[in-house]
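Asker: Quick one: structure below, then a few questions.
The values are calculated or read from the model by the stated rules, or taken from the named source; none is laboratory data. Predicted model only: the values in this text are computed from it and were never measured. Here the Cβ positions follow ideal geometry from the backbone for every residue, glycine too, while neighbour counts run over all protein chains shown. Note: areas computed on protein heavy atoms with side chains; ligands, DNA, RNA excluded. Shrake-Rupley method; radii C 1.70, N 1.55, O 1.52, S 1.80 Å.
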Amino acid sequence: MPKAKPRRQEADDDASSAASQTSFSQTQSNTQAERAMAGMEPAEQERRTNDLVQYLLIMDQRKVPIKKLDINKQVLKEHSKAFPIIMRSASDKLSKVSVGLKVIEMQDNKQKSYILVNEIEQTSESQHLRWSDEEKSKMGLVMVILSLVFMNGNTMKDSLLWHTLKKMGVDHEHQHEVFGDVKKLVMTEFVRQGYLECIKQPNSDPPAFDFKWGQRSKQETTKRKVLQFVCKVYEKEPQQWTSQWQDLLQSEGTPNGNA
Amino acid sequence: MNSVKSNQTNGRDEAEDDEVVGENMDILQPQQKESERRQIRQRYRDFIEDMQKTQHDLINPESDAINERLREVDELYKPVRTAREAALDSCALAMIANYGRQKAQALHTEFVKFQPVEFAEKLVNLFGSSGAGDMGNIPFEGWVQMGENIRPYFNRSPAFHFMAGSFEKEVQKRRPTPKEPKDKSSKDEKDTVPTQLRSFEEQQKNEATTAEVERVLAQLQKYYEESEKNPICFFEFILNPHSFGQTIENLFYSSFLIRDGYAKIFIDEDGLPVIEPVEKPEEETAHEKQKHHQTVVTLTPQEWKELLKVYEIKTPMIPTRTVEPN
């Protein structure tokens with residue numbers, strides 16, 4: 001559960017907590033956050049929590065992971081010490097109380113950031129969540145790339161990706177009528193949003209890249225779903241793709257297999 | 001390739017020689033001739049370059065080329081004694097390892113093999129327009145349709161919107177204020193300096209011309225008085241026997257006198273042009289109103305020489321101007 005994570009890792013951030021005392025740091029950071037909470041009026045706690053909920057919803061529009069740094073700067077301000085507790089209650093509100101959104105902490109060692117993911121399973125019949133045409137076309141492209149990467153063994157060289165997309169009229173060297181600057185969209189926007197990871201190959205000149213699934217993709221979809229999509233396109237059964245089938249069984253078998 | 005191979009045999013020989021001395025000594029004696037080290041590095045660079053060229057052969061699961069390469073680089077390493085060459089060796093090894101990884105990825109064991117291009121073609125068939133001219137292309141509608149189809153596959157959080165819209169982000173304008181005065185001041189400085197200089201030069205020029213015109217007028221008035229107010233022969237007045245250029249200048253300056261009404265030129269009884277100063281301004285204006293001719297006068301060096309002979313001019317009426325150094 002992601003809700004527990006912020007609390008535990010908060011300790012590492014606090015300069016005051018001694019890094020060596022790992023067993024001690026958890027309780028210490030707890031008390032620190034609790035102390036910060038105790039210094040706030042209940043109404044103030046409520047207000048900050050609601051502010052955070054609203055802030056998360058608004059920032060989610062851009063689909064770029066929301067930085068803890070920004071949350072502290074924009075919402076919590078002088079109460080940033082209480083971040084773990086307020087974040088937990090805001091996550092609870094988003095999940096149970098209101099809209100069924102899950103707050104996920106990104107696994108990034110540089111800085112903590114969060115994304116929102118829909119908790120409610122989607123079906124083709126559920127028509128109440130609509131995407132804009134722009135969203136649809138971009139997500140179509142995301143799905144194509146995720147399929148290619150997964151089917152290609154969870155990684156794909158940029159040259160092969162461009163080569164394949166070109167067959168669909170999406171040329172990264174030319175303006176596309178729907179996507180504009182394709183290279184920028186794929187390598188910058190999708191990567192920043194967490195749909196893709198773009199890793200530079202060592203010792204490559206000119207630089208070559210490997211594409212992998214980003215963290216958001218692992219949260220918003222699964223290998224099984226992507227394989228289903230591919231099977232629809234091919235009109236085949238998932239089991240016919242032996243290695244991919246094994247891969248997804250393996251990932252589902254382990255509790256954190258998606259990562 | 002041949003040169004690389006011969007280099008390799010050399011390298012092996014050297015390595016064998018070294019082994020005679022003893023392996024421990026090799027390690028303890030890093031001293032190696034610079035030329036030898038350069039040779040080793042050259043071999044490594046050739047090797048790396050060659051690997052880059054043959055990259056696709058190396059990662060082909062069907063070929064054994066990468067093992068061959070590994071053996072080759074082992075040979076290359078034998079004469080290496082110092083860190084710099086060893087760094088190249090690790091670079092080459094890293095490349096081989098990288099290619100090995102790619103080779104492993106390229107190896108497909110399953111019965112049904114995924115072909116990216118085939119997948120792309122199927123998508124084009126599904127979502128591309130049926131028009132014959134649109135081969136290998138998915139139009140906007142196709143992408144939208146695909147997006148609609150894959151929506152259930154994503155637990156994407158819906159975009160949050162305010163019912164009555166939200167405030168637009170204000171674009172902060174910070175830049176212009178501090179920058180403009182700087183630009184202006186620098187521009188001003190740049191502008192004023194050259195214009196001042198230019199006008200100064202021009203002024204001087206104008207002044208020089210005006211001064212000359214005044215001098216010529218003074219001369220004319222002097223000779224006019226001397227000849228008891230008889231008109232002066234125009235050619236005698238302007239001709240300078242020492243300089244054709246100064247003659248032309250005199251002609252030029254006297255034309256100003258005529259234009260501004262300080263003198264007049266007319267034809268005397270002999271049919272020759274004469275010049276006399278205009279004394280009274282009132283008379284001058286009346287005169288100017290009466291006739292105002294424009295004439296283009298030509299004077300070639302030949303004509304100038306002839307005129308000098310005819311009029312037997314030895315000294316100029318208008319003194320020769322000293323040439324200003326400019």
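Asker: Restricting segment A:90-106 to residues that are modelled with pLDDT under 80 and not small (Gly, Ala, Ser), which is surrounded by the most Cβ atoms within 10 Å (Cβ to Cβ)? Please lay out each step first, then the result.
Answerer: Looking only at segment A:90-106, we keep the residues that are modelled with pLDDT under 80, and these are A:96-100.
Still in the running and not small (Gly, Ala, Ser): A:96-97, A:99.
Values: A:96: 10, A:97: 10, A:99: 17.
Ranking the candidates gives A:99 first.
Asker: Please state which one of A:165, A:227, A:160 is open to solvent by 40 Å² or more (accessible area, probe 1.4 Å), in a helix (DSSP H, G or I), touching a helix residue (DSSP H, G or I) at 6+ places or on another chain (Cβ under 8 Å) and closer than 24 Å to residue B:138 by Cβ.
Answerer: Details: A:165 fails: open to solvent by 40 Å² or more (accessible area, probe 1.4 Å); A:227 fails: open to solvent by 40 Å² or more (accessible area, probe 1.4 Å).
Among A:165, A:227, A:160, only A:160 is open to solvent by 40 Å² or more (accessible area, probe 1.4 Å), in a helix (DSSP H, G or I), touching a helix residue (DSSP H, G or I) at 6+ places or on another chain (Cβ under 8 Å) and closer than 24 Å to residue B:138 by Cβ.
Asker: Using the structure shown, decide if residue B:48 is of a type in the set (Val, Ile, Thr) and in contact (Cβ under 8 Å) with a residue 40 or more places away in the chain.
Answerer: Values: of a type in the set (Val, Ile, Thr): yes; in contact (Cβ under 8 Å) with a residue 40 or more places away in the chain: yes.
Spelling it out, residue B:48 is indeed of a type in the set (Val, Ile, Thr) and in contact (Cβ under 8 Å) with a residue 40 or more places away in the chain.
Asker: If the Cβ limit is 6 Å and pairs must be 6+ apart or interchain, which residue in segment A:60-80 that is assigned by TED's automatic domain parsing to the domain that holds residue A:111 and farther than 21 Å from residue A:110 by Cα pairs with which residue that is part of a loop (DSSP other than H, G, I, E, B) and open to solvent by 20 Å² or more (accessible area, probe 1.4 Å)?
Answerer: A:61/B:159; A:61/B:160
Asker: What is the one condition in (1) in a strand (DSSP E or B); (2) without any contact (Cβ under 8 Å) to a residue 40 or more places away in the chain; (3) within 16 Å of residue A:159 (Cβ to Cβ) that residue A:198 does not satisfy?
Answerer: (2)
Asker: Same structure again: Among the residues of segment A:176-188, are any within 17 Å of residue B:122 (Cα to Cα) and either in contact with a Ser or Thr (Cβ under 8 Å, 6 or more places away or on another chain) or surrounded by 15 or more Cβ atoms within 10 Å (Cβ to Cβ) (or both)?
Answerer: no
Asker: Among the numbered criteria (1) among the small types (Gly, Ala, Ser); (2) open to solvent by 40 Å² or more (accessible area, probe 1.4 Å); (3) within 27 Å of residue B:105 (Cβ to Cβ), which one does residue B:35 miss?
Answerer: Of the numbered conditions (1) among the small types (Gly, Ala, Ser); (2) open to solvent by 40 Å² or more (accessible area, probe 1.4 Å); (3) within 27 Å of residue B:105 (Cβ to Cβ), the odd one out for residue B:35 is (3).
Asker: Where residues in segment B:61-111 are in a loop (DSSP other than H, G, I, E, B) and open to solvent by 70 Å² or more (accessible area, probe 1.4 Å), which of them is farthest from residue A:157 (Cα to Cα)? Break it down into steps so the answer makes sense when it comes.
Answerer: In the first step, residues of segment B:61-111 are kept if they are in a loop (DSSP other than H, G, I, E, B); the result is B:61-64, B:78-82, B:107-111.
Now drop any that are not open to solvent by 70 Å² or more (accessible area, probe 1.4 Å), which leaves B:62, B:64, B:78, B:107, B:109, B:111.
Working: B:62: 20, B:64: 22, B:78: 35, B:107: 15, B:109: 20, B:111: 23 Å.
Here the answer is B:78.
Asker: Count, please, the residues in segment A:198-224 that happen to be in contact with a Phe, Trp or Tyr (Cβ under 7 Å, 6 or more places away or on another chain), at the interface with another protein chain (Cβ under 9 Å from one of its Cβ atoms) and open to solvent by 40 Å² or more (accessible area, probe 1.4 Å).
Answerer: Counting residues in segment A:198-224 that are in contact with a Phe, Trp or Tyr (Cβ under 7 Å, 6 or more places away or on another chain), at the interface with another protein chain (Cβ under 9 Å from one of its Cβ atoms) and open to solvent by 40 Å² or more (accessible area, probe 1.4 Å) gives 0.
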